[in-house]
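Structure incoming, see below.
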Amino acid sequence: MATCGSLCCDGGFDKDGVSTTRTIESCLPLPLPVEILEDIVPKAKDFAILHGAGMRYRTNYDPDSLQLAPFFLLPSAFPRREFERVVKLQSIVNILMHRIAHDYQFLKDALEKTIKVDDFTRRLWDIYTTVREEGVSQLISLGMFRCDYFYSVPSQIAQQVEINTIASSFGALAARISVMHRYVLGELRKPELLGHLPENDALAGLCGGMIAAWDAYGCPKAVILFVVEDVTYNICDQRFHEYEIRRQRPDIHVIRRNLTQISQQGCLTSDKRLIIDGDEIAVVYFRAGYEPGQYHSEAEWEARLTVERSKAIKSPSIHYHLAGTKKVQQEIARPGVLNKFLSDSEAKLVSQLFTGLYTLDMSPEGDQAVQMAMENPERFVLKPQREGGGNNVYGQEIRTVLEKIKDSQEREAYILMDRIRPPIQQNYLIRAHEPVKLVEVVSELGIFGTILGTAKDIQFSKFAGHMLRTKLSSVNEGGVAAGLGALDSVFLFD
Ligand code: ADP
Ligand code: MG
């Protein structure tokens, strides 16, 4: 069984800042005997695909078939104390993000420089200010957040990687993989380990948020709109949200449209109701709209503005989206900021989630961060204002990038962050059409939270389930869709 402390590493760093020993034990002694592995892998694959842990094929897209989503055979070890700590803090983190999002001056000060050099963030900002000047027609926002954490070996606590305020995904598939791991441990005749697997109601929690927003809108005929990509590969995760809404509330209808379709089919009534193809929209759930590539032309930006102008309750509203930018997150971590938004005791607890975050503004403070990163690039991650994975800069490339931009305002489009060193363990990676592989991995925990309310009146703020994504320890980023990471679940250890 995994334990931290003696088995966990000492967290030492060599001179390049690379951690040395930081392995922890897996939930079972590995490798498994070959005959057991040969028996359990097909069972796990069947369980996963029969319970909808699938994705569309990226190459040779085919609407009639699904590919097994990549996953790990066994749940990965995560310290119970830290899991419980971040779960408990989620409702406060929700409230923090809600208050930040409603503080115009804070967002303005935080993003002022960023929007001069980052076009995408500026366009979001323009929508925000346009709607603000016209008068916001829906004061209620729905937050469906996911805070991502690594357990940091050197500091022995969970540290935040980022907070997602838009398109927080994998609530559905994560819950299914949790159930699959229960089945796998059962088949391996280890029922005594089941107590280490926390329940995961992420799907029910997230959909419960949308249903509460729908109720708050107060129009029985209105529907929920999912804003989706042109082609959805992560279709199971999204569809299960629809099915769960239907399960909880057979009276609520969901429609799906991409931004281009919304630009063609959407309109506002004189009292700002959003109508799409004759349906009034109560709630808008964005599963797209977080990357520049999803706005093909002005039409898609117009569509986003139309939605934002409307009375529909948005998840996220534009100010929630802006509060989730990397730059705002860096500004939140400045000393003293949390105390403006939370009580002293809450601020203290939340501040312990943050690792070092540094501005790269054209200022002496920014100069110092540039110098620090150039001297020790292995210790940092350089992040632009992007979501969706694959955009950050690591290691020696930080030097190369900073060398080019360090004397220009371009650097203000980025932030710098301490690199978190998670523990390494072994697990079996299962991917469609590939032999199962025993690999060294690190796991990133996502904690979902929902919040509903206006600036002054919060109806609820809740923890809404969790997810675990695990990736090869040798890669910088492990996007599940990109094939470098895979779905996993949590095995808690003391
Ligand atoms: P995105 O919005 O693209 O998901 P993230 O900030 O979550 O951006 O970074 C993407 C991935 O990069 C994370 O899932 C994690 O694997 C890695 N990463 C990000 N920040 C750090 C960090 N401070 N330390 C270590 N790895 C990180
Ligand atoms: Mg992320």
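Would you mind telling me which numbered condition in (1) in contact with a Pro (Cβ under 8 Å, 6 or more places away or on another chain); (2) under 28 Å from Thr470 (Cβ atoms); (3) modelled with pLDDT of 95 or more Arg399 fails?
The number of the failed condition is (2).
Could you tell me which of the residues Ile398, Ile405 is free of Cβ contacts under 8 Å to residues at least 40 places away in the same chain, under 21 Å from Gln329 (Cα atoms) and over 18 Å from the mean Cα position of the chain (by Cα)?
Within the list Ile398, Ile405, the selection yields Ile398.
Where in the stretch 416-494 are the strands (runs of 3 or more DSSP E), entirely inside, with at least 3 residues that are farther than 27 Å from Gln330 by Cα?
425-430, 437-453, 485-488, 490-493
Return yes or no: is Asp418 away from ligand 1 (no atom under 12 Å from the Cβ) and of a type in the set (D, E, K, R)?
No; evaluated as a whole, the condition is false for this residue.
Each row is one residue, and each column tells you yes or no for (1) within 23 Å of Ala216 (Cβ to Cβ); (2) out of contact with any Lys or Arg (no Cβ under 9 Å at 6 or more places or on another chain).
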{"position": "Asp126", "(1), (2)": "no, yes"}
{"position": "Gly143", "(1), (2)": "yes, yes"}
{"position": "Gln156", "(1), (2)": "no, yes"}
{"position": "Ser178", "(1), (2)": "no, yes"}
{"position": "Tyr183", "(1), (2)": "no, no"}
{"position": "Leu194", "(1), (2)": "no, no"}
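Suppose we filter the stretch 421-433 for residues that are open to solvent by 20 Å² or more (accessible area, probe 1.4 Å) and either of a type in the set (S, T, N, Q) or under 20 Å from the mean Cα position of the chain (by Cα) (or both); how many remain?
Number satisfying all stated conditions: 1.
Looking only at the stretch 189-233, count every residue that is in a helix (DSSP H, G or I) and crowded, with 22+ Cβ neighbours inside 10 Å and tell me the total.
8
Evaluate the following for Val436: is it surrounded by fewer than 24 Cβ atoms within 10 Å (Cβ to Cβ), away from ligand 1 (no atom under 13 Å from the Cβ) and without any contact (Cβ under 8 Å) to a residue 24 or more places away in the chain?
no
OK, next. Could you say whether any residue in the stretch 127-139 is aromatic (Phe, Trp, Tyr), within 16 Å of ligand 1 (Cβ to nearest atom) and touching a residue at least 40 places away in the same chain (Cβ under 8 Å)? Steps first, answer last, please.
Here is the first cut: in the stretch 127-139, the residues aromatic (Phe, Trp, Tyr) are 128.
Among the residues that remain, those that are also within 16 Å of ligand 1 (Cβ to nearest atom) are: none.
Taking every residue of the stretch 127-139 in turn, none turns out to be aromatic (Phe, Trp, Tyr), within 16 Å of ligand 1 (Cβ to nearest atom) and touching a residue at least 40 places away in the same chain (Cβ under 8 Å).
Let me ask another. How about the stretch 309-357: which of its residues are assigned to a helix (DSSP H, G or I) and in contact with a strand residue (DSSP E or B) (Cβ under 7 Å, 6 or more places away or on another chain)?
Those that are assigned to a helix (DSSP H, G or I) and in contact with a strand residue (DSSP E or B) (Cβ under 7 Å, 6 or more places away or on another chain): Arg309, Tyr320, Lys326, Lys327, Gln329, Gln330.
Here is a check on your reading of the model: is Gly356 at positive phi, open to solvent by 10 Å² or more (accessible area, probe 1.4 Å) and within 16 Å of ligand 1 (Cβ to nearest atom)?
No.
Can you tell which of Gly479, Gly465 is crowded, with 24+ Cβ neighbours inside 10 Å and under 30 Å from Phe72 (Cβ atoms)?
That would be Gly465, the only listed residue that is crowded, with 24+ Cβ neighbours inside 10 Å and under 30 Å from Phe72 (Cβ atoms).
Another one. Being assigned to a helix (DSSP H, G or I) and either surrounded by 15 or more Cβ atoms within 10 Å (Cβ to Cβ) or within 16 Å of ligand 2 (Cβ to nearest atom) (or both) narrows it down to one residue among Glu378, Glu397, Glu387, Glu365; which is it?
It is Glu378.
Next up: Please go through the stretch 272-293 and pick out each residue that is on the phi > 0 side of the Ramachandran plot and in a helix (DSSP H, G or I).
None; the set is empty.
What single numbered condition from (1) over 28 Å from Asp230 (Cβ atoms); (2) open to solvent by 60 Å² or more (accessible area, probe 1.4 Å); (3) assigned to a loop (DSSP other than H, G, I, E, B) fails to hold for His296?
Among (1) over 28 Å from Asp230 (Cβ atoms); (2) open to solvent by 60 Å² or more (accessible area, probe 1.4 Å); (3) assigned to a loop (DSSP other than H, G, I, E, B), the lone unmet condition for His296 is (1).
Note down all Cβ pairs under 9 Å where the first residue falls in the stretch 248-260 and is at negative phi and buried (at least 20 other Cβ atoms within 10 Å of the Cβ), the second is of a type in the set (Phe, Trp, Tyr) and part of a loop (DSSP other than H, G, I, E, B), and they're at least six residues apart or on different chains.
The qualifying pairs are Leu259/Tyr295.
Now a separate question. Among the residues of the stretch 109-164, how many are part of a helix (DSSP H, G or I), under 25 Å from Ala312 (Cβ atoms) and not hydrophobic (A, V, I, L, M, F, W, C)?
10
Considering only residues that are buried (at least 23 other Cβ atoms within 10 Å of the Cβ) and in a strand (DSSP E or B), which ones fall in the stretch 55-78?
Phe71, Phe72, Ser76, Ala77, Phe78
The values are calculated or read from the model by the stated rules, or taken from the named source; none is laboratory data. Here the structure is a predicted model, which is why all the values come from computation and not from measurement. FYI the Cβ positions are ideal-geometry reconstructions off the backbone, even for glycines, and counts take in every protein chain you see. Calculation scope for accessible area: heavy atoms of the full protein, side chains included, ligands and nucleic acids excluded. Shrake-Rupley method; radii C 1.70, N 1.55, O 1.52, S 1.80 Å.
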